[in-house]
Structures are given as C-alpha cells and as structure tokens.
Amino acid sequence: MKVIWLIPLLPGIGAAVTGLVGIRFFSKAQTALVACGSMTLAAFLSIYAFIQLLALPSEARVYDVVVASWIPAMPLETAGGMGAFAVDWAFRLDPLSGMMILVVSGIGLLIHVYSTSYMHGESAAGYARFFCYLNLFCFFMLTLVLGANLLVMFVGWEGVGLCSYLLIGFWYHKQSATDAGKKAFLVNRIGDWGFVLGIFLVFFTFGTIDFHEVMVSAAAMPIEATEFGVISLICLLLFVGATGKSAQIPLHIWLPDAMEGPTPVSALIHAATMVTAGVYMVCRNAVLFTHAPMVMTIVAIIGALTALMAASIGLLQTDIKRVLAYSTVSQLGYMFMATGVGAFGAAAFHLMTHAFFKALLFLGSGSVIHAMDDEQDMRRMGGLKMYMPVTFVTMLVGTLAIAGIPPFAGFFSKDEILFQTFLHNRALWVVAVVTAGMTAFYMFRLMAMTFYGEYRGPAWEDAADHGGAERPGIDTENEVDRSRGHGAWHGPHESPPPVTGPLMVLAVGAIVAGFVGIPAALGGGNAIEHFLEPSFTAGVGPAVGEASEVVAIESAAIHSNSHATELGLMVLSILVALGGVALAHRLYLKRPELAEAWRARWTGVHRLLLNKYYVDELYHGTVVRGTMSGGRGLWRFDGRVVDGAVNGSSWLTIVASWCSGLFDRYVVDGAVNLVGWSASESSFSLRRIQTGLIQNYALIMLFGVFVFVSMYLLIS
Amino acid sequence: MSNTAEFPLLSLILFTPLVGAIVLLFVRRQSTDMIRWIANVVAGIGFFVSLPLWFWYEPRGTQWQFIERLPWIPSIGADYFLGVDGFSALLVLLTTMMGSIAILSSWTAITERVKEYYVFLLLLQTGMIGAFVALDSLLFFLFWEVMLVPMYFLIGIWGSDRRLYSAIKFFLFTLVGSVVMLLGILAIYFEHQAVTGVYSFDITRFHELSLPVDLQWWVFLALFLGFAVKVPMFPFHTWLPDAHTDAPTAGSVILAAVLLKMGTYGFIRFSLPILPEATVEFVPMIISLSIIGIIYGALVALAQRDWKRLVAYSSVSHMGLVMLGMFALTPVGITGSLIQQFNHGISTGALFLIVGIVYERRHTREISEYGGLSKVMPVYAVIFLIMTLSSIGLPTLNGFIGEILILQGVFVVNKMWAAVAASGIVLGAAYMLWLYQRTMFGNVDNPKNESLPDLNMREVATFVPLLVLAVWIGLYPAPFLRRLESSVTHVMSRVNSVYAPRNVEVGVSGLLMRGQ
Amino acid sequence: MLEITPSHYMVLSAALFMIGVIGVMVRRNIIIIFMSIELMLNAVNVNLAAFSQQWQHVTGQVFAIFVIAVAAAEAAVGLGIILAFYRNKETVNIDEMNVMRW
Amino acid sequence: MGEAIVFYGLSAFILGFAVLVISTRNTVHSVLFLVASFLFVAMLYVLLGAEFLAVIQVLVYAGGIVVLYLFVVMLVNLKRAPETHQDPRRQTRLGVAVAGAVLAEFLAIIVYSSTNPSAPAVLAAGEVIEGGNVEQVGWLLYTNYLIPFELASILLLVAMVGAIVLAQREL
C-alpha cells in the first residue's frame, strides 16, 4: 500500500516512453501495448489499493504516503503567528480518492482500448503522440485525485488542463481545434487564478495546505452563517477555480468548443474525469464549504443555473458531440447544486455514475461519427439503428441512464440530488426538475435523430463485393480495413471490437453503477454515501466527532421522516423524464413538422438558444477585445510615451552636444589653433637656419666653441 | 570569514574565459573552425571548473564561501576580494552554463568576424562571473562596467536591423544607471570611513553598517536607478525590447539569462542588506512599479507581431514578478524571487534560443511569417512547448516553483498585490499560447517554411541541459532552495525584524530552516 | 724657448687642429673634409701623447690608441657613405649634399 | 738642444704637410701629403717616448686608413671637377676668421698657463717607467681598460659590417 504513488506514475512512465521513444521508433501496435499496458497496471493497482482500503475499518480508511519533500520548509507569517511553508509530494488514499482512482483508471483504460481502434487513421507518430498525451493525462488526473495537499492537487489540476489543451488541439492543423485548445487553457487559467489565491489564503489562515490538517483546523472554527468571513473567502476563491475546470457559469464557454478534440478525448477528459475535478475539489474541501453557508448558496445557485442554461442550449444543438457537451455542463451543474446543498455524497455518487454513462455516450457518438465518415451533424444521420446495433443498444442504455429512468445508474444518483435539493431549497428543486425534463428530451431527441427515422446521410458507393447497407454490422474486420482512410467510404457500419468492447463494458457499468447507492427509501443502504462519509468530515477529535454525530443523527432523522416524500419525488421525476421522452418522440419521430412550427413561433428564443445566449460574443466583445486593445494601446504608449521620453532626452542631449560642439570649435579650438598658428609662423623664419649645408652647421659649432673658449678666457 | 579556500576556485572560474579570449587573439582569423572549437572548449572547461561550486558548497556552512582576498589598491582600501554565497554560486553556475550554451548555439549563426565575436563573448563571460563573485564593491563595479563593452559590440556588430540604435540605447541606459550607482557606492564607502575610520570597499563590512536613515534614502535611490535599469523595472525598460530584438541570438540569451539578473542581484547584495530602513520605506513604490511591470509587460507582449520582441516583453513581466517577490520581504517571497531568477534564466534563455533557431533558418522574426511549424519541425515544437509551459509556470516545471513561492510570500503581506500579480499569470499564458498557436499550429501556409530542417544534434544539445534543469527544479527544487537558505536568512535578518533569527522560536528557524 | 715643454706640444696640436678645422670649413670635396677630420684627430693624439709623457703614465697613449680605433671606424663608415652617395648622385661636392633641410 | 731642433723641425713638417693637405687641388696629392704628415707625427711620438703609438700610427693610419682613402679616391671617378658648384650661403671667410680667432684664443690660454704654472710643468721624474712602452700599454689595455678595449673591437666590427653594407652595389 506504500506504493499508491505508483498509480499515477505508471501512466506517467507510459507517457514518457511513448513520448520520448515511441514517436520516433514505435509501431502503432507497440504504442498501444505500452499505453494500454501501463494503464492496465495502474487500474489493477487501483483495484488492489481499493480492496485494501475496504478491508480497513471505516474510521481508519486512510493511507498517507509522502514520497519526498518538494518545497522545503521556510518560515512565513500566517494569521496565527509564525508558520512554516512546506510542501511534500504527499499522496493520500481515502474513500473519496479511492472511488476516484477506480473511475479514472477504469474508464481511462477503457478509453485507451477504444482509442487503439478509433485513432487508427493517424500516422504512427501521431498515434504515439496521442497515446503519450492520453497517458500523461491519466498521470496528472491520478495525481490530482491522490494529492494529499492543495499544491499537489494543483499540479494535477494544471497538468490535466495542459493535456486537455494538447488533446483538444491534437489536430493542430485545424485552426478551430487550436483555438478551442487555447480557449480551454486560458479559461481554466482564469479559474486557476482563484484557485491559487485560495491556496494562499488557506495557508495564511491555517498555516498548512494539507487537506486533512486544514479540515481539522476548519472544523474547529465557527460556521460563518451570517458574516462573509475568511473561510467564505477561501471557499469562494476555490469555487472560482472549480468553475473554470468544471465549466460552470461564467466560465462554461470552453467546454463545448473542446469537442474539437478527438472523441475519446471528449469522453475521457471532457465528460468522465477532468471536468469533474471541480466537483471533486469541492468535495475534498467539504468541511471548509460547510463552514461557509453563504458560499454554499452561491455554489448551489450557480450549479442550478448552469444546469438549466446548458440543458436549454442542448435542446437545439444539431452537432451530436455538442449536445453531449452541453449535457455534460448541465450534469456538472447538477453536481455543484448537490454540493451547494451539502449533499457531497450525492454529488460524488452522481460524479461516478455520470462518468460511466457520459463516457458511454461519448464513445457511442464517436462510433457513430466514425461510421458516418466523420460526420457530426445529426441532421445528416438517422436510421442508423439497423446499421450499428451494438452502438445503438449501448447508447440507449446510456440515454436511459442520463434521463433518470430506473433502474439505470443515473436514476439513483440524480434522484438523490433532487431529494436533497428538495429538502434544502424548493426553488432550486423546481429548476432541477425542469432540467431533468429537458435532459430527457434532448437525449431522446439525439437518439431519435441519430438512430431512428429515415437515413438522411450522403449516399455511398455500392461496393461490388458486399455493401454495408445490405449486411449491416457484419464482417467488421473488413470494415476496419476500409475505415483506415484508404479507399472509398462504404456507408455506415458497425465499429470493430476494440470500440464496441468498451461500449459494452460501460453499458454494464451504466446499469449497475447505481446499485451501490440505492436509497433507503427503496430498501437500499445508500452504501456509497456512507462509504464516502469520512472524507467529508474532519472525523477526528472528540468535539468534532460529536458534531458530525449530531449531523448524522439529524440527517438520519430527515431520512426516516421523509421516505414517503422521497418516493413521491421519485415518481415525479420519473414522470417528468418520461414526459421529456414522449415529447422528443412526438416532435422528432411522429410529427417533425410540429418542431418546425414551434421554431417559427418562438424565433427569438430559438435564436437565443441556438447562439448559446450570446455569452461567447459577450466575452469576446468585452474581455478578449478589451485585453487585446489594451495591449495594443499600451504598446503604442510604450513606443510613444516611455520610449518617446527616452528618445526625447537623447534628442536633448544631441542638441546640447551640438551647441557645445559649436563652442568647442570656435572658442576652445580657436585658442588652441591660435597657439599652433603662432608657433608655425615663428618657426617659418627660424627654419631658415637649417640650410642643409654641413659646413654651416660646422661653422655654428665652431662659433659655439669660440664662445665657450672666450667665456673661459674672460672668467679666468 | 574563516572559510577561506585553500584552492583559488573562484579565480579559476573567473579567468578561464579570459584566458580563452587571449588565446583566441593569437589564432589566425581565417581558421574559423578552429576558433569555434577553441571557444566551445574553453566555455565547456569554464562550466566544468564551476561545477565544484555545486558540489563543494556547504549549504549549512558559513555564509561566504570560497573566499579569496588579496590587496588590490591598498591606498583606497580596495581588495581583490572574491567569495560566494548560495545565491551567487547558483548565478555563477547559471552564467557558465548559459555562456557555453550561447557559444555552442552560435556555431553556424555567426559567419563574419568570428574571432572577435567569440573574444567578446568570452570577455563578457568573465565580466558577468566577476560581478557575481566580487565581494569588494569597487571590484564589483569594475566587472559591472566590463560587461557593458562586449555586449555593446555584440549588439552593434552582429545584431540585426536597428542594431546601432539598440546598442547605443543599451549602453547609455546602463551607463547612466551605473554612474549613479557608483555615486551610491561611494557614499556608502565614505560613510563607512566616517563611522569606522577604515577605508574599505568590502561588501561584507557594508552589511554590518547601519547608516543614517536620510542618507539611506538617497543612497537607495541612487542604487535603485542603477539596478532598476538593469532589471529592468517598468519605466526604465525600453532598452530591453530593442536590445533583445536586435542582438544576435547568443547575445539575447546571455542578456536575458544573466545580464538581467545583475539588477536583481544588486538589490539583494546591496540595497536590501545595506539599506534596510530605506528598503522598507521604498516597498510601496517598488511593489507598484513591479505590478505595473507584470501587467504592462504581459499586455504589451500580447500586442506584439515580432516573435523576439514578444519574448522580450515577457521578460519585463517576469522580472516584475521577481522584484515583487523580493520586496515582499518575507523568506518565502525572497526565496521565490531568487529561484525565479534562475528559472527565468533557463526558460527565457531557451525561448531566445528557440527564436534564434528559426531566425537563422528564415531570417525573419515576424510571427505571421510562420505557422504550422510543428509539422515540419516536430522536435523543435516539443522543446518550444516545454519551454513555453515552463515560462507560464506550469506545475512540475521550474517556473511554477518560483511563481508559487513569490505569490505566497507576497500574499501574506498584502492580498491585493498577490491577486493583481496573479492575474499577470493568466495573461502570461495568453500571450505565450497564442504565440505558440500562431507559429507552431495550423497548416504550413508559407511555402518557405515547407522545407525547414528540424533541429540537428548540436541544437538539441543546447537545449538538453535546460530541459533537464526545468524538470529537475520543477519536481525536486530542494537542493536549490537549500543553497539559497543562508542568503535569504542573511537578507531577512537585516531587513525584516519579524524574521530576524532572535524573533523566531528555535522550533521554526532552527529546525525548519535547517530541516530537510 | 729651447726647453720643449708640454706647452709646445699643445701649441703644435692647436695649430694642427685649426688647420683641420679650416679644411673642413673651406673645402667642398668631402674626401678632403674627411682627411681634415683625420688631421684634427691626430692633433688630439699628439696632445694625449704629450700629456702621457708629462705625467710619466701611459694612460694617455692608451687613449690615443682608442682614438685611432674610433678614427678607423669613422673613416670606414664615412667613406662607405661617400661611395653610396656618389653612386646615387655622381658627386662628392658637399654643397650638393643638402637634402636634409627644411 | 737637440730635442728642440728635432721638435721644431718635425712641427714644421707636420704643419706644412697639413696645410698642403687642405690646399691641394688634386685629391690624390692631398692623400699623399696626409701620409707624410702622419709619418712625421709618428716621429714626434718617438720623440715623446711613445714607441708603440708611433708604430700604430704608421701601421694603422699611414698604412691602413690612408689606403682606404686612396681606394675611395680611385673609385670616385669624377667626370667633372669636384668643386665647381658653390653654394652662396657657405660663409667660408667667416669660418676661417672664427677658426683663426679660436686658434688665437687657444694660444693665449697656452701661453698664459705656461707662464703662470699652477702646477709643476714637469712631474718629478722619480717614477721611472718600468719595462718597455709596449709592455706598459699592453698591461693597461688588458687590465684597467679591458672593457673599453673589447668595446672598441666591437665598434670596429660594427663599422666593418656597416661599411660593407653601405658600399655594396645593390643597396
């Protein structure tokens, strides 16, 4: 168990190998082997670790591993006197992270397997690059999940953002893809700004950034019910980070664009794991959030609004992946709403079930897109049920799950959230129910447009040997051969086993994942929430334990008193879901002309939804344009004013030096020249002595002798 | 002061490049390959003889190590006095490493006046090392000025476009600053004489001095001008983009990686410890300028169309962060500032190398001339990506450590400062990623880019040490931080009484500072 | 008057020397001028020999020998210069040797 | 008495030939008169008891140097009279006049000092020179004046080299 740090490290090694060696030297098979192998090991290790964790008594289900010191201790003032800033490479396995590593490594493995087939059209180098990024993502995601303190979590947090950037822009020759990648990274960075400040404030307040120590310290502080205190500020800042990563209002805009990436990426990163990191982070800091009720309210409201807005946009999208993207945003809003009402367990539960069915839906859509020769527009699909039965069935399972139809996984988790919200805030509950109805509607709209009805796609050449249309879903081996980008497209076809295999596994997951959280009202034990409970409370110390006990007793009381309510709500939500399904059936299968009529009637609303409430345009007009023109303006300022001052002073210097040059030339130089002139003039006469006649010189010498001798004579 | 070296390591490090330069003078100018070999070998030797600074330095030893002291001008009390603490030891290592990388990088880039070029580079190397190891302020000033001349010629002769304008601008800016700085040093010198009766330029003696506050104020202003120009801080920065843009690649690398550190080094070595009261007084001004510099540099970088100029403005932004951390006057902030200087040397140095490589192939720096390079130069793209990420402070790379320490150190002093400065990091990601997208991604639209060769072994070799360091510092910075401890403690004990050793319980300072 | 004292020799020497001087001043043939210089040197030697006898010490003679050595050297070099000059200018007239002037 | 006659006779010859040297038109004759003058000076040396000097005078001067002069006179094969051109600025008369004046002054000094002897004109002849003149000269040359002697030899060597260099045809 001391080797939980190996869980993230294994994919990391895989990434290093495929990245450093693979791009140059590996064949596709070798790359796939390394990538999937490392993920398989990580998944098995995760399962092993999880089993070990389960074996412990529920109060003691924590493993701490400190691998090394990262930032050695340095003294630093904190609110509570002199502290020490120190960060370790510390990992922690507890129920919450245990559940998460299972989800991440499990779904990650499935998506690796799926990608081996899906990305087959790439060159060997691109293939290796893809798996390098994918492995790197798993490395960072597992680091994020297992990190025992905020900064290690931040490492993973930023790292997954990077991988998301790289994978969205994987087809880097596409302008839209690289734009989307950049957008994702930058929007995330804005969130990270809050997250980082939150970390700083956590350190300043508690003198530590270890989750558990923070939890213990925070639990001892009073709940800031009336005033917006320091814990509230921390939570707000952390939540800013979460909105960035989990695409909540107002930072939700990047996620739909992120669909430019390859579909497995959308499934893994932008549905199942990375985008849920925000929810995970809020759950991790559950104690902090419970101490900041005002922020909790904000979280709940933002979550609900996001859920509603995204669902409403999803109603009209025609791109199959964008529908799923908005659905993801909407479901994430659900989870935040759950955390906002204090139902952290429900949020984590929904996180897990969502990971299954959303990954399933994305992979299914990938399969469809692949079958339609990279067509993503649902208006050009239809009737695919008969061509690709496996994909159809598995996607149907996923759709039922997300729509909240029992006994599929989504039903249990979503219902738990609805119930908790109902207890907490009726208005939010109404929003949630409406959203649930919309979810059911647009998901079945998707199914209807894709799998039912007439085939609306382009015609394909009837191959002489065997047409895909006559024998759909058979002979997959040959289909694979042809789908590698060589030769003509032979019509929609079922995908090969590496694609359908994960689909089937995930479909099973989408059916059974909910059973771990069957609510008490239905006679279940709500096992998952009890299992996760220790992660959401400080859990140590007598006073704290007492407090949580009180909470537990209270919640138990609520549970027992409202089994009837809960059952009623369940029925209601099922009805709403079915209503959505029925509406979709009516509008898109029975009477398509009705949809047209409605569109004509509410053009304003239709345009608003189609343009995603113009949020992108708003941001582009204000933030992006403002920053860019600010930059240009400052550059001009730099050139004209700052540099102008410099050049101006140099110009002044030049003028001054010109003046002093004149002075120099006429006054100083004049004096010097005067001396030289007089010297040369006087020498002009003197030089006549130099006649060049030796005898003249001798005469002068002789004359000198004469003078000396005369002097001698005169003296003596 | 007992840690006098029995072996004159610092002199050896200091004079190796000088000897190399002298040897080069005697080589026939036509045999350019031989000149290149000699210069590279000398630079390599210079790096290897500096390695003992890493291995022999005792993080827990006395503050000044490897001391050498000989009388120089006894009549005015100037000594040939060398010594390093952890910070300057790291900077010397950075200098020797970046120096050899710069020399290696110019193998094919420089084809005219090869001999003079390498002579100037090696001379510059000696000047920079000298400034970092001098513990006598007159000697420091001497080396400070020695650096100026070769750099002037490097920009003026081997530069591009407006090289003369840039070179003169660089020279005048720095010269004005350094003259005022000399006045400041002389003021300390005479005050030291007045107090102790001894004429001395000894920096370690200056550190023990407590000057009258009003004098400190003026001296600080004088030193500030000298150092702020070099950093460069916000209103004094305009020489930097011009000099960087027009300098040859190796010149830009040295300029960014080492020369800019002179300013911050000066603050750490002179302003903070010698003038503690004035430092505290000037904190609001310097912090404001730093924050303006961070945001301003980032925004202006966003508007650039010239690749190299963009990196140059990013330097302004990053150095603003360094100054911010330093003047937070907390151990974490200063440590972050020091390590960030090292990081900036690595990542920005690498970014200039990266620009230099395509400039050598295409002879243009216009960003719009490029695009889709990751298709034709994949290895180059990977290295550029890693260095971009290092520059924008992605965790597990070096930039993150510096940024997080600086911001944490600032945060405990003032939350607004940290909040505003952190927004500079968002902008940093914006301009760097946009640059990356515009140059590396997309289709190869420009036919001239279609046949660009990828990096050769020599070019890869210039990046390998930088990549290794970037990852090393990102994952395990403890060896670096431990070497900075004594420097930081020393500065803190002078400047911030809260962190003076006597005010901190043994549990924190004694155990934790020495811990790990 | 009949006793020969060093003064007599000095008178002789002075006369001989002045004959040499006058030769240098008057003649224009540079060879003759050189010979006049030899006369002057001889005058000096006479003096030295006379003093040597006066003081009963041979140092004067030793110096005379040195003078002869220097005279030989001077004659050799000087005559060499004359030859070289003659080859260029076809003259030994000192009045035509006036290139070294302003 | 005899000494006086010899001295006056020799002096007359020396001065007479010297005057002839500087006054003869023919250069060759001039050289011959110079030889004669030198020979009489050599005799004067004998009179002064400087036999070695006398021998040197004959061998080096009259023999060596004068031959050198003769060679040069022969080599300088003049096509025109050597002294035709006369520079107007040479001031010959003034020179002769000053020379005469200096001579007069010298004579005055000599006469004055011999009539008022400040020191004994003749040294007490107690210290008889031992050994021959040649031996004494040699002794001094190789002891006290060794270094000047060697320097003189080097000077001669240098002069020889210089003369050769100057006189060779392709200068």
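Each label point was placed 7 Å from the Cα along the Cα-to-Cβ direction; for A:Asp377 and A:His620 their separation is 1.9 nm.
How would you order B:318-325, B:471-478, A:240-247, D:153-160 from highest to lowest mean count of nearby Cβ atoms within 10 Å?
So the peptides B:318-325, B:471-478, A:240-247, D:153-160, ranked by packing, come out B:318-325, A:240-247, B:471-478, D:153-160.
Which of C:Glu90, C:Glu38, C:Glu74 ends up with the largest GNM mean-square fluctuation for chain C, with Cα atoms connected below 10 Å? Ranking C:Glu90, C:Glu38, C:Glu74 by mean-square fluctuation puts C:Glu90 first. Entry note, the protein assembly as shown: the mean residue ellipticity at 222 nm calculated from DSSP H runs of n ≥ 4, each adding -39500 (n - 2.57), is -23000 deg cm²/dmol after division by the residues and rounding to the nearest 500.
Output the relative contact order of region A:331-428, whole-number percent, from Cα pairs under 8 angstrom with separation of 6+ residues.
35
Across q = 0.07, 0.08, 0.10 Å⁻¹, chain A modelled as identical point scatterers on its alpha-carbon atoms has Debye log10 I(q)/I(0) values of -0.52, -0.65, -0.97, in the order of the q list. Rounded to 0.05, the FRET efficiency of the A:Ser58 and A:Leu567 pair, given R0 = 25 Å and the Cβ-Cβ distance, is 0.35.
The distance between label points at C:Asn88 and A:Ile223 comes to 11.8 nm (points 7 Å beyond Cα on the Cα→Cβ vector).
As a proxy for reagent exposure, ranking A:Phe140, C:Phe85, D:Phe17, A:Phe408 by other Cβ atoms within 10 Å from fewest up yields C:Phe85, D:Phe17, A:Phe408, A:Phe140.
Using the Cα gyration tensor of region D:1-79, with a ≥ b ≥ c the square roots of its eigenvalues, what is the shape: rounded (a/c below 1.5), prolate (a/b larger than b/c) or oblate (neither)? Since a/c reaches 1.5 but b/c is at least a/b, the shape of region D:1-79 is classed as oblate. Would you mind checking region A:250-294 for residues with the amide N under 12 Å from a putative spin-label position 7 Å along Cα→C-beta of A:Ala79? Output list for this probe position: A:292. Taken residue by residue and averaged, Cβ atoms of other chains lying within 10 Å of the Cβ of B:399-411 number 4. Residues B:Leu12, B:Leu466, B:Leu121, arranged from fewest to most other Cβ atoms within 10 angstrom of their Cβ, appear as B:Leu12, B:Leu466, B:Leu121. Between the Cα long axis of helix A:643-663 and the first principal axis of chain A there is an angle of about 0°, rounded to the nearest 10. The chymotrypsin sites (Phe, Trp or Tyr not before Pro) of region A:599-678 that meet both conditions, a loop assignment by DSSP and at most 16 other Cβ atoms within 10 Å of the site Cβ, are A:Trp602.
Contact order normalised by length for chain A, with contacts defined as Cα pairs under 8 Å and 6 or more residues apart; what percent is it?
11
Note on B:Phe190 and A:Arg640: the model spin-label points, each 7 Å out from Cα along the C-beta direction, lie 4.4 nm apart.
Among C:43-56, B:153-166, B:43-56, the peptide with the highest mean count of other Cβ atoms within 10 Å heads the list, and the full ranking is C:43-56, B:153-166, B:43-56. Shielding of peptide B:380-387 by partners, expressed as the average count of other chain Cβ atoms within 10 Å per residue Cβ, is 1.
Helix A:592-601 axis versus longest C-alpha principal axis of chain A: approximately 50°, rounded to the nearest ten.
How would you classify region A:78-189 from its alpha-carbon gyration tensor, with a ≥ b ≥ c the square roots of the eigenvalues: rounded for a/c under 1.5, else prolate if a/b is greater than b/c, otherwise oblate? Oblate, because a/c is 1.5 or more while a/b does not exceed b/c. Apply the a/c threshold of 1.5 to the C-alpha gyration tensor of the protein assembly as shown and tell me whether it is rounded, prolate or oblate. Cα axes put the protein assembly as shown in the prolate bin.
Taking other C-beta atoms within 10 Å as the exposure proxy, A:Phe206, B:Phe282 rank B:Phe282, A:Phe206 from fewest upward. Length available on full extension from A:Ala125 to A:Val512: 0.36 nm per residue minus the Cα-Cα distance, which gives 135.5 nm. Across the options B:Thr16, B:Thr204, B:Gln304, the greatest Cα extent toward the positive end of the charge dipole of chain B (unit charges at beta carbon of Lys, Arg, Asp, Glu) belongs to B:Gln304.
Shielding of peptide D:55-61 by partners, expressed as the average count of other chain Cβ atoms within 10 Å per residue Cβ, is 4.
Positive end of the dipole of region B:127-256 (Cβ unit charges, origin at the Cα centre): among B:Leu164, B:Phe141, B:Thr238, the Cα lying farthest that way belongs to B:Leu164.
Against chain A, whose longest principal axis comes from its Cα atoms, helix A:344-371 is set at around 80 degrees.
For the residue pairs A:Lys183/B:Lys448; A:Lys385/A:Lys590; B:Lys308/B:Lys375, the C-alpha atoms sit more than 19 angstrom apart in A:Lys183/B:Lys448; B:Lys308/B:Lys375.
Each reported figure results from applying straightforward, stated rules to the coordinates on display, with no laboratory input. None of the values given here were measured: they were computed from a predicted structure. Reconstructed Cβ throughout: ideal geometry from the backbone, glycine too, with neighbour counts over all protein chains shown.
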